[in-house]
Structure formats: C-alpha cells, structure tokens
Amino acid sequence: MELLLAIFLAVLTGIVAIAFYYEHPKAEIPHGISERQKLYIFHYIMNFGFGLATFLDKVGVISEVHLLRVMMETIPPLKDSRLLIKDLRFERVKVRIYQLKTSNKNLRRGILYFHGGVGRFGSIRAYERKCRYFCRKTNSVVVSVGYRLAPEHPYPAQFEDCLTATIHFLRTAQDHGVDPSRVVICGDSSGGTLTAAVAQALVNRRDLPKLRAQILIYPFLQCVDLNLPSYQQNKGVPILLKERTLVLGLKYINMDLGITEEIFKGCHVSEDRRLKYQKWVSPDYIPHEFKTRGYKPSPTCLPSKEFCEMAEYLFDPVFAPLLAEDSVIAQLPETFILTCEFDVLRDDGLLYKKRLEDHGIKVTWCHLQEGFHGTVFVALFGRVLGFRSGAKGLQKIVNFLRLM
C-alpha cells in the first residue's frame, strides 16, 4: 500500500510539473536581485501549488481557489503573550484587533490593514505575522480586515467591506483606545489598491475624521497600459508574472479571459479614454533611470468597440485608483508608497506618486532596488524564507508609522 501511494504521488507530481512546464513561462530572475536561488525555489514551489490546484480542480477533488487559499494560510505564528488579540465584527465585516497589553492610558495610533490576494485569496490568518509585527514595532492598535472574497462575493464586495470597516473604525476609534485623528490605512498589492480606493472614497466625507495617512505597498493601480517599462522589464520575474497579473485581475472582476491579448495590446482603450488618461498614464512620466533596462515604446493599437465595451470595469477608480479625477486626488492624505525594482507594478506606484505630488500631497517613497513583488509579505517568515529587501521595506514602513 505504501509503495502504491508513493507511486501515485510521484505520478501526480510529474503530471503537475509537466503541465506547468508547458503552460507557464520560465522564470527570469535578474542578477540585480539578491538571494536569487532562494527566489527560484520560492517561484517553483508557488508554480507547483498553482499546478496542483488546477489539476485537483479538474479532477473534482477541490476547487482551485479554495486550495490556493489554504496554501496561503501557512503555519500560524506561536501565541504572543505581549499582545491582546480579539476577533470582532465591524457591522458585517470580520476583523481581528491587535494591541499591546501595556497599560498606556494615552490614545494610540490606529492602523487598518487590507491584505493582498487579488480579491480572491488571502485572509486575516495569512497576514497574522505582519499585523503582529506592526502592532509590536509601532505600539499601534492594528485592525486586520477580513473582507469577503470573490468569486463567492463578486467585485466590488471587497472594496465595500474595507470601506465599511474603515468608516466604523473612524467612528468608534476611541472605544478601541485610538486617537481618531491618527488612523492610517495600509495594504499590499491588491490590498494597496483597496487602500487607495478607500482613501479616495472618504475625501468628501465631512461627517468623519480625516485619515492621517495611507500606505500603499507595491499596489496595482491601472489597467490602461500594460506595456509600461516595468511590465516589459519584469514580465517573467516571480512572483507576479505579467500574464498572471492580468489573468488574476480579470478573474477577480469576473471578466472573460479571452480578451487578454487585446488588453495587452491596448485595444480596450477608446480614443476618448486614451486622450483623457494619457496625462496620467504614460511612459513619458517614468523617470529615465527606470527605462534603461530594455524598454521599447509599444505601437498604439486601434481600439475595438467590442473590447472597449467589455472592458468597462477596468476603468472604474475602485479597480484602478490611478484613474480618479484630479478633484479627488487633490484631497488625499499624506502617503507612503513602496515600489520594487523587479516588479511589473513598479510603474503604477511611480505614476501615482507623480500625480499626488503634482497636487501638493506629501509622499514618502521607498524603492527597494533589489525587491520583487511579494518581498515584504515573505519578509517575516524567518531567515530561511525571508528576503533582506523585504525586511528593509518593513523597517521603512515602521519608521513612517512612528511619525504619524
């Protein structure tokens, strides 16, 4: 029996490995990334996970999305006697609150954290280490928001939950020992998208305290141009490959994957939209030093009426906050933006930084020269799995928070 099981597992592993060899491009890990071998291993473990999830979904064992969620949970950290942790609901939204047990009677800073995962993965538990870290290092009350996930809860339920949780916390901050004028919202990857969208949604709310700041960690911010320098230079760099970025994004908002190639070419952008967005989304606004690594301007694709109509969701500022109107951008709070050199989303952050600064918003920018997408998420998994660039990014965020 043991021999048969071993043979079955070997065959299953082979099937998954072969499927991923042919379906996914080989990783391109530039020499500028430190700890390159570790990233290779991390990339192939992830690819095996994606392949296994796809295989088990096709044979009816477990759905792809559910298996990937389980894999993201990882091993939870041990109990921390220094922290008081409690699970609550802010109206309908699940949250977990972290605070130090020290008997400090002064009101503290509050941090709302929106996890990444492209609206389909991620959870409070998956981000337990990061939220504990921010709580300990900054003596803040940290609220991890367990927003509902797609596809069970279609877009924009994720944004609605994050907005609901933020409004509730701003109204009840003092009940949790928080100064309502010192509330910061923060998120990584698609959580950074949600952070930017929530901050924009609150700019005209006169009935609520103003946000103190927003922290965007390698956020996705636009789908107008997927041929910006960072998309070209890092298309095969783990863990967020160029093709994977768009496929996961389209699955999140339940769009037809058949228009992927047209979106890459830019055929989904009408002439009217192209004229409007070119003042915000253009390689012309990317500093020259970020174009030296193999960038070539892309030809303009003639728009297709059919694809333009199908892609309507892609221009919603909730999905693409870089496309918000100037009147909204001009009212945003102080901002921290973290970008990574070897990340397809790098230029989204650079363009948003420019827009904010053009409107007089104070921006603190942290660029990880050796970083890649996800480097901050894995930074707290110890020396074996963590990356030095991620640890550097975390420290920069902590330094920013301590000033709030």
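The values are calculated or read from the model by the stated rules, or taken from the named source; none is laboratory data. Model, not experiment: these values are computed from the prediction. Because the Cβ atoms are built from the backbone with ideal geometry, glycine has one as well, and the counts that use them run over all protein chains shown.
Name the single residue that is farthest from the chain's Cα centre (by Cα) among those in region 212-244 being among the aliphatic types (A, V, I, L, M) and not in a loop (DSSP other than H, G, I, E, B).
Within region 212-244, the match that is farthest from the chain's Cα centre (by Cα) is Ala213.
Restricting region 200-218 to residues that are touching a residue at least 60 places away in the same chain (Cβ under 8 Å) and within 18 Å of Val178 (Cβ to Cβ), which is surrounded by the fewest Cβ atoms within 10 Å (Cβ to Cβ)?
So, considering only residues that are touching a residue at least 60 places away in the same chain (Cβ under 8 Å) and within 18 Å of Val178 (Cβ to Cβ), the one surrounded by the fewest Cβ atoms within 10 Å (Cβ to Cβ) is Lys210.
For Ser282, state whether it is at pLDDT below 95 and of a type in the set (Gly, Ala, Ser).
For Ser282, the condition - at pLDDT below 95 and of a type in the set (Gly, Ala, Ser) - is not met.
Among the residues of region 149-166, is there at least one that is among the small types (Gly, Ala, Ser) and within 14 Å of Glu73 (Cβ to Cβ)?
Scanning region 149-166 turns up no residue that is among the small types (Gly, Ala, Ser) and within 14 Å of Glu73 (Cβ to Cβ).
Just give me the residues in region 30-53 being charged (D, E, K, R) and in a loop (DSSP other than H, G, I, E, B), in sequence order. Quick ask: steps written out before the conclusion?
Of all residues in region 30-53, those charged (D, E, K, R) come to 35-36, 38.
Result: Glu35, single match.
Across region 294-313, what is the total count of residues that are closer than 16 Å to Thr260 by Cβ, under 22 Å from the mean Cα position of the chain (by Cα) and in a helix (DSSP H, G or I)?
Residues meeting the conditions: 1.
Looking only at region 234-266, which residues are touching a Pro at 6+ places or on another chain (Cβ under 7 Å) and either at positive phi or at pLDDT 95 or above (or both)?
Correct list: Asn254 only.
Go through region 186-203 and give me each residue that's more than 13 Å from Ile111 (Cα to Cα) and either aromatic (Phe, Trp, Tyr) or not in a helix (DSSP H, G or I) (or both).
Within region 186-203, Asp188, Ser189, Leu202, Val203 meet the criteria.
Taking the residues in region 245-265 that are free of Cβ contacts under 8 Å to residues at least 24 places away in the same chain and crowded, with 19+ Cβ neighbours inside 10 Å as candidates, determine which candidate is farthest from the chain's Cα centre (by Cα). Walk me through it before giving the result.
Restricting attention to region 245-265, the residues satisfying the condition of being free of Cβ contacts under 8 Å to residues at least 24 places away in the same chain are 246-247, 250, 257-258, 260-261.
From what's left, crowded, with 19+ Cβ neighbours inside 10 Å: 246, 250.
Details: Leu246: 13, Leu250: 15 Å.
Once the filter is applied, the top-ranked residue is Leu250.
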